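The values are calculated or read from the model by the stated rules, or taken from the named source; none is laboratory data. No experiment lies behind these values; they were computed from the predicted model shown. All Cβ positions, glycine included, derive from the backbone under ideal geometry; neighbour counts span all protein chains shown. Note: areas computed on protein heavy atoms with side chains; ligands, DNA, RNA excluded. Shrake-Rupley method; radii C 1.70, N 1.55, O 1.52, S 1.80 Å.
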Amino acid sequence: MSAEKSLLQIESYHPQAIENKWQMHWESTGQYATDTRDTSKPKYYALSMFPYPSGRLHMGHVRNYTITDVIARMRKMQGYNVLHPMGWDSFGLPAENAAIKHGVPPAEWTYSNIEHMTKQLKTLGLMYDWDREVYTCRKDYYKWTQWLFNYLYKRGLAYKKEAPVNWCSECATVLANEQVVDGHCWRHDDVLVEKKNLNQWFFRITDYAERLLENLPQLEGWPDKVTLMQKNWINRSVGARIEFGLEGHVEKLPVFTTRPDTIFGATYMVLAPEHPLVEKLTMPEHQEEIAAYCKTAKNKTEIERSSLEREKTGVFTGAYAINPYSQEKVPVWIADYVLVEYGTGAIMAVPAHDERDWAFSKKYDIPIRRVIERPGAIGIPLEEAYSEPGVLVESGDFTGLQSEEARDKMIQWAEREGFGEGKIQYRLRDWLVSRQRYWGCPIPMIYCPDCGEVPVSDEALPVELPENVDFSEKGRSPLATVPDFVNTTCPECGKAAERETDTMDTFVCSSWYYLRFLDPHNTEKPFDPDLAKRWMPVDQYVGGIEHAILHLMYSRFFMMALHDGDWTAGDEPFSRLLTQGMVLKDGAKMSKSKGNVVDPDDILREFGADTARFFILSDSPPQADFDWKDTGVEGCFKFLQRVWRTLIDNRSAIQLDLPIPAYDAMTGTDRELYQWTNKTVFGVTRDIEQGFQFNTIISKLREFVNFLSRYEAGASPNPVFSDAVKQLLRLIAPITVHQSEELWQKLGGEGSVHAQSWPTYDESALTADVIEVVFQINGKVREKAQIEPDLPKEQLESMAKASEKMQGFLDGKTVIKTIVIPNKLVNIVVK
């Protein structure tokens, strides 16, 4: 690249000087400040998922932020009042780990990283309203995160309970269910997650399970794969809650089942090893075996325990349950494939009609009783579990009913007799938000020996993070090591009390930031409800597919809870969602270990931000992965040089305010250029509106510039050429933001190119007078012809066969078939 570099240095297009000049100008003039109270224009809220300040931008960031920036700039040119802010998801474990490793306070590490990454973002020429910048780790933000905790607490949506939780030994903290990936910590894929019983704070997201599910079809601007992932995570099941009696005990054993029609086939019950009744039900002769089994199960991951491929294991307790329908005694087992967090932590096992129960029964020689007959196969012995509907047999008064009818009648009977009810259950669990870490938002709760748990009053917020913490202790929050933080007084009775020492999951901070951007300097409220009712939902949200469940689900929950308190007009935060693909290098994910990381600073230093922006959009649709190629960057730089030379070399022919002659009066190359201009405006606008297909947009711009560079503009002002240049600069301005601004100024444009209106097109000029088609023999091009557009297929075929050149290739050949694609080609297949 060194020879190429020396060549580039002598070219007239010097992006670094141009880009720095315009970045300083835009910032000093406040060009991208947004007045959210201006109602004279329709609003448009464009937002990228804000970053964690890890220290440096990577190419994935560049792609994400460029995509959103182009969308925001285009909407601004279309007449919208555009809000496009940026901030920092700045609490989190990496800062705390850096403090432990390097002895640097988390705040110092975080703010240093933000400073560097802010410079990088500004170097990209992004049109952020920096006056709205938020840091989730600053008091002016986390005060309102604590307010939101209190808001949820007052509405019964935040509560504390002892529960088995996911524990990462490396993080030394609790993980939410959604943060456990294949049994491992989402941050440390080599660390198996353990189970611990701890008192933890939860948000009652399950209260919104049905609404979260019902709203999914309304999210028409979301990718289908994301809504499907959320649907599967919520996982609504319709069935019944049935209480089995327990022989010799007053307690009942409730189970949830989606197949009450199979209950007469239940030949054993299973409790999760963590079920609270295990100890009470276990007979003395089985206690030692049960204790050993439960200890082993505790060290297995949820994925291992629930895997269908894994061989099932279990232990008999010696106890029996009583089937409320048949009064039959049913043995009670312990098995680790049942999870205490799901359903009731107990199941009725029907081996004839459940694959997992069948395998368990075969292993432990438990009876298998068929109670559903397969249609058309009545009386044929079962060779495997039959799990589909059918006709009930050996099911008491319900024998002979179809499964669907039987389910309804059996639930009605259970409700009438008082041992069961119809029930809807969800896989979604309440959101565990407690974290035993320092660098997070403190939970605003006080524990008083007399008054119990007492929330810190809204007026006393924020509860501030102390600085003198000890990071050496693991297993409890570092905040617990600071007596001045822990010891306080009860807000209600004034007696000595203690603060909560856990902090909140950082996803709490990022679940409402889009609302704070609307009103970031408000000291009285988290945001003005009137602004939220005008500006929400976000019109276009852009981020990674990895946030499909965690961040997006939690944000939807927050929005619904706030809507119920009349803080917002709608209950969904994001109208449209674009999940951009990854940036790869030579087909592989970029990573330091592979040595294939592309540093954005290197690209900006050598080629400039406009080249980086142009290239990162050029190769693939934004939803697809993008394969970085160094030759592609160089090619894009050369293209921008070509744009520069084409316009600068012909500047004497350019006068941007010249009136355009009537299209009907145009002839020759002027007419053709006008057609190219309007066809390009039409195509670029269409590709933006139909899913932001930036790669095809850039292809159209390349074709347009290629034609423009061949056009003989002349030495004096040329209205058709001037119009083409004006439209080109406005079309390309959202992408190559600095070069277009510089050229606009040099060529006499009024104001900023970014303040211009989006181009419109002349529909009458969208159809070319003459088009080129190719004539082929067996797929090989033999001739090209200039013809009128939209000729009938028969006429095109006749023209191809009548061509003197084509006849030379057809002589002595037998025509098998002729393929005609109007306006493109004629292919004659011969032998």
Checklist entry - Looking at the range 140-175, which of the residues that are assigned to a strand (DSSP E or B) and basic (Lys, Arg) is least open to solvent (accessible area, probe 1.4 Å)? => result 160
Checklist entry - What helices (runs of 4 or more DSSP H) completely inside the range 483-563 contain at least 2 residues that are within 21 Å of the chain's Cα centre (by Cα) and under 24 Å from residue 174 (Cβ atoms)? => result 506-509
Item to check | Candidates 305, 241, 236, filtered to the one that is surrounded by fewer than 21 Cβ atoms within 10 Å (Cβ to Cβ), under 30 Å from residue 185 (Cα atoms), in contact with a strand residue (DSSP E or B) (Cβ under 6 Å, 6 or more places away or on another chain) and among the charged types (D, E, K, R) | outcome: 236
Item to check | Boolean, residue 575 is at pLDDT 95 or above, open to solvent by 30 Å² or more (accessible area, probe 1.4 Å) and within 26 Å of residue 428 (Cα to Cα) | outcome: yes
Checklist entry - Of the residues 408, 365, 430, which single one is closer than 30 Å to residue 511 by Cα and either open to solvent by less than 30 Å² (accessible area, probe 1.4 Å) or charged (D, E, K, R) (or both)? => result 430
Item to check | Members of the range 661-702 found to be touching a residue at least 24 places away in the same chain (Cβ under 8 Å) and open to solvent by 70 Å² or more (accessible area, probe 1.4 Å), listed by number | outcome: 669, 672, 679, 702
Checklist entry - Which of (1) under 30 Å from residue 207 (Cα atoms); (2) of a type outside the set (S, T, N, Q); (3) surrounded by 17 or more Cβ atoms within 10 Å (Cβ to Cβ) is the odd one out, the single condition residue 479 does not satisfy? => result (1)
Item to check | Residue check, residue 119 of a type outside the set (Asp, Glu) and in contact (Cβ under 8 Å) with a residue 40 or more places away in the chain | outcome: no
Item to check | Given (1) over 42 Å from the mean Cα position of the chain (by Cα); (2) more than 23 Å from residue 167 (Cβ to Cβ); (3) open to solvent by 10 Å² or more (accessible area, probe 1.4 Å), index of the condition residue 259 fails | outcome: (1)
Checklist outcome for this item: With criteria (1) under 30 Å from residue 503 (Cβ atoms); (2) part of a helix (DSSP H, G or I); (3) modelled with pLDDT of 95 or more, residue 60 comes up short on (3)
Checklist entry - Taking the range 368-394, which residues are in contact with a helix residue (DSSP H, G or I) (Cβ under 8 Å, 6 or more places away or on another chain), open to solvent by 80 Å² or more (accessible area, probe 1.4 Å) and over 14 Å from residue 266 (Cα atoms)? => result 384
Checklist entry - Are there any strands (runs of 3 or more DSSP E) wholly within the range 181-266 with 1 or more residues that are in contact with an Asp or Glu (Cβ under 9 Å, 6 or more places away or on another chain), touching a residue at least 12 places away in the same chain (Cβ under 8 Å) and farther than 26 Å from residue 281 by Cα, and if so which? => result 194-203, 236-246
Item to check | Residue in the range 395-410 that is farthest from residue 325 (Cα to Cα), counting only those that are in contact with a helix residue (DSSP H, G or I) (Cβ under 6 Å, 6 or more places away or on another chain) and not small (Gly, Ala, Ser) | outcome: 407
Checklist entry - more than 30 Å from residue 597 (Cβ to Cβ), among the hydrophobic types (A, V, I, L, M, F, W, C) and either in contact with a Gly (Cβ under 7 Å, 6 or more places away or on another chain) or open to solvent by less than 10 Å² (accessible area, probe 1.4 Å) (or both): does that describe residue 582? => result no
Item to check | Of residues in the range 789-831 being β-branched (Val, Ile, Thr) and closer than 27 Å to residue 672 by Cβ, the one most open to solvent (accessible area, probe 1.4 Å) | outcome: 821
Checklist entry - Across the range 366-404, what is the number of residues that are touching a Leu at 6+ places or on another chain (Cβ under 9 Å) and either part of a loop (DSSP other than H, G, I, E, B) or charged (D, E, K, R) (or both)? => result 9
Next on the checklist: Give all pairs with beta carbons closer than 9 Å in which a residue from the range 6-19 that is hydroxyl-bearing (Ser, Thr, Tyr) and modelled with pLDDT of 90 or more meets a residue that is outside any helix (DSSP H, G or I) and open to solvent by 50 Å² or more (accessible area, probe 1.4 Å); count only pairs at least 6 apart in sequence or on separate chains.
Outcome noted: none
Next on the checklist: Checking residue 254 against (1) modelled with pLDDT of 95 or more; (2) surrounded by fewer than 17 Cβ atoms within 10 Å (Cβ to Cβ); (3) in contact with a helix residue (DSSP H, G or I) (Cβ under 8 Å, 6 or more places away or on another chain), only one condition comes out false. Which one?
Outcome noted: (3)
Checklist entry - Does residue 230 meet the test of being within 17 Å of residue 433 (Cα to Cα), crowded, with 19+ Cβ neighbours inside 10 Å and among the polar types (S, T, N, Q)? => result no
